[in-house]
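Undergrad: Handing you a structure now.
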Amino acid sequence: MPTVLDTYIENRWMVQPNHSNHLGSTHGGNVLKWMDELGAMSAMRFAGETCVTARMDQVNFKRPIPVGDTALVEAFVYDTGDTSVKVRLRAARENPRTGEAESTTESYSVYVAVDEDRNPTTVPDVSAATDRGERLRQRALEGEAKR
């Protein structure tokens, strides 16, 4: 049975001028794209199947990510349905010289596992397996319940 930590993925993108809006910060569409891509990778790692986006819950942009900073995105599976995989997504701005990070964006997404014929297919249950995995899972469940 796959665990929460088996699905934990983080990635970084250096924010370049071609990623920015007219204010010199990352265009929100780029942040959404990076979050959705990483969420799908986490869901696929969990399900062992191709996963497609079914829903991206409310996305909250708390602060911008300026050009020159790094966009740090993390994703992990925290819950499942019969064919669906729930993924917690968070983005942060990170100073590439110091590593100092500040939360910028968050969301909860649902992906559906599909087979070769693109029909929904069942997924296993997720297990926390470790204290860290359980803490991540519980925080995600509590955060989702507050939305």
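Undergrad: Of everything in the range 35-82, what is of a type outside the set (Asp, Glu), in a helix (DSSP H, G or I) and open to solvent by 10 Å² or more (accessible area, probe 1.4 Å)? Give them in sequence order. Steps first, answer last, please.
TA: We begin by selecting, within the range 35-82, every residue of a type outside the set (Asp, Glu); these are 35, 38-48, 50-56, 58-68, 70-73, 75-78, 80-81.
Checking which are in a helix (DSSP H, G or I) leaves us with 35, 38-47.
The answer is 40, 41, 44, 45, 47.
Undergrad: What residue, among those in the range 91-132 that are aliphatic (A, V, I, L, M) and assigned to a strand (DSSP E or B), is farthest from residue 49 (Cα to Cα)? Lay out the reasoning, then the answer.
TA: In the first step, residues of the range 91-132 are kept if they are aliphatic (A, V, I, L, M); the result is 91-92, 101, 110, 112-114, 123, 126, 128-129.
If we keep only those that are assigned to a strand (DSSP E or B) too, we end up with 91-92, 101, 110, 112-114.
On the way: 91: 25, 92: 28, 101: 32, 110: 14, 112: 9, 113: 6, 114: 6 Å.
Once the filter is applied, the top-ranked residue is 101.
Undergrad: Can you name every residue in the range 13-24 that is surrounded by fewer than 13 Cβ atoms within 10 Å (Cβ to Cβ) and in a strand (DSSP E or B)?
TA: Step one: of the range 13-24, the residues surrounded by fewer than 13 Cβ atoms within 10 Å (Cβ to Cβ) are 14, 16-18, 22-24.
Answer for the range 13-24, where residues must be surrounded by fewer than 13 Cβ atoms within 10 Å (Cβ to Cβ) and in a strand (DSSP E or B): just 14.
Undergrad: Something else about it: Take the residues of the range 111-133 that are acidic (Asp, Glu) and under 16 Å from residue 46 (Cβ atoms): which is farthest from the chain's Cα centre (by Cα)? Give the steps one after another, and end with the answer.
TA: Here is the first cut: in the range 111-133, the ones acidic (Asp, Glu) are 115-117, 125, 131.
From what is left, the residues that are under 16 Å from residue 46 (Cβ atoms) are 115, 125.
Details: 115: 22, 125: 19 Å.
Residue satisfying both the conditions and the ranking: 115.
Undergrad: Which condition breaks for residue 70 when tested against (1) farther than 19 Å from residue 123 by Cβ; (2) of a type outside the set (Lys, Arg); (3) in contact with a Gly (Cβ under 7 Å, 6 or more places away or on another chain)?
TA: (3)
The values are calculated or read from the model by the stated rules, or taken from the named source; none is laboratory data. As the structure is a computational prediction, the values presented were derived from the model and not from experiment. FYI the Cβ positions are ideal-geometry reconstructions off the backbone, even for glycines, and counts take in every protein chain you see. Only protein heavy atoms, including side chains, enter the accessible area calculation; ligands, DNA and RNA are left aside. Shrake-Rupley method; radii C 1.70, N 1.55, O 1.52, S 1.80 Å.
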